[in-house]
Amino acid sequence: MNLILLGAPGAGKGTQAEVICEKLGIPSISTGNIIREALKNGTEMGLKAKSFMDEGKLVPDEIVIGIIKERLAKDDCRDGFVLDGFPRTIPQAEALDAMGVVIDKVISIEVADEKIADRMAGRRVCEKCGASYHTEYKKPSVDGVCNLCGGALVRRKDDAPETVLERLQVYHEQTEPLKDYYLKAGKLRLVEGQEEVADTSALTLAAING
């Protein structure tokens with residue numbers, strides 16, 4: 001099954017992507033993680049993307065679309081995938097259609113801006129493997145240390161309060177119109193984000209299977 005996860009930054013898409021992948025046995029494709037890996041390796045694409053990410057802006061389409069096209073061509077995507085962070089604009093969605101990629105369902109995680117701002121303030125990311133944690137909702141076993149690789153947990157620059165507000169504004173202006181795009185295609189499913197991650201996951205899986 002080919003899925004897209006929508007939702008404002010901090011709505012919990014990444015966590016839901018992990019749940020879906022474990023349940024369905026398909027890969028999660030996060031453009032953010034791919035770009036950060038490119039940055040870590042010092043690639044030209046990563047360096048180009050960094051300036052946009054640091055300012056809370058969207059990475060240009062020509063960079064993102066190229067990343068996605070290469071990723072979807074890999075063997076592990078044959079039985080399906082979850083796109084997390086792409087498409088973010090109508091032109092990106094149209095580019096995905098033009099590539100001949102058939103999307104079965106689009107799940108939008110709905111969370112109020114005020115709650116997102118609170119969540120982002122506590123988010124921490126492993127500087128080695130990119131795993132995500134939260135000081136309140138998803139604590140590591142050892143404070144400040146990644147459970148998976150032992151790397152240090154840090155707050156990303158784009159999780160700073162002033163950057164979060166800018167990212168939310170960009171989301172509402174550029175990404176939220178995708179809901180209408182996929183609603184017209186009959187593929188959109190809305191999921192109300194809950195306080196407990198497990199409750200949101202149950203609703204997400206129900207929306208996929210329904």
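Structural remarks
- When residues of region 177-203 are limited to those that are closer than 26 Å to M53 by Cβ, out of contact with any Asp or Glu (no Cβ under 9 Å at 6 or more places or on another chain) and at pLDDT 95 or above, the one most open to solvent (accessible area, probe 1.4 Å): P177
- Selection within region 42-57 - surrounded by fewer than 19 Cβ atoms within 10 Å (Cβ to Cβ), assigned to a loop (DSSP other than H, G, I, E, B) and under 17 Å from the mean Cα position of the chain (by Cα): K57
- One residue stands out among those in region 29-41 that are crowded, with 18+ Cβ neighbours inside 10 Å and not polar (S, T, N, Q): the one that is farthest from A117 (Cα to Cα), which is A38.
- Any hit, region 86-94, residues being farther than 17 Å from N2 by Cβ, aliphatic (A, V, I, L, M) and either at pLDDT below 80 or open to solvent by 80 Å² or more (accessible area, probe 1.4 Å) (or both): no
- When E166, E127, E176, E136 are checked against the criterion of being more than 19 Å from the chain's Cα centre (by Cα) and acidic (D, E), a single residue qualifies: E136.
- Residue in region 97-115 that is part of a helix (DSSP H, G or I) and over 20 Å from V170 (Cβ atoms) present: yes
- Hey, Y171 open to solvent by less than 70 Å² (accessible area, probe 1.4 Å), out of contact with any Gly (no Cβ under 7 Å at 6 or more places or on another chain) and touching a residue at least 12 places away in the same chain (Cβ under 8 Å) or not: yes
- Considering residues of region 113-131 that are small (G, A, S) and either closer than 12 Å to G12 by Cα or in contact (Cβ under 8 Å) with a residue 60 or more places away in the chain (or both) only, the residue surrounded by the most Cβ atoms within 10 Å (Cβ to Cβ): G130
- None of R71, R88 is in contact with a strand residue (DSSP E or B) (Cβ under 6 Å, 6 or more places away or on another chain), among the charged types (D, E, K, R) and either farther than 20 Å from Q174 by Cα or outside any helix (DSSP H, G or I) (or both) except R71.
The values are calculated or read from the model by the stated rules, or taken from the named source; none is laboratory data. These numbers were taken from a predicted model, which means no experiment stands behind them. Note that each Cβ is placed from the backbone with ideal geometry, even for glycine, and that neighbours are counted across all protein chains shown. We work out accessible area using only protein heavy atoms, side chains counted, and drop any ligands, DNA or RNA first. Shrake-Rupley method; radii C 1.70, N 1.55, O 1.52, S 1.80 Å.
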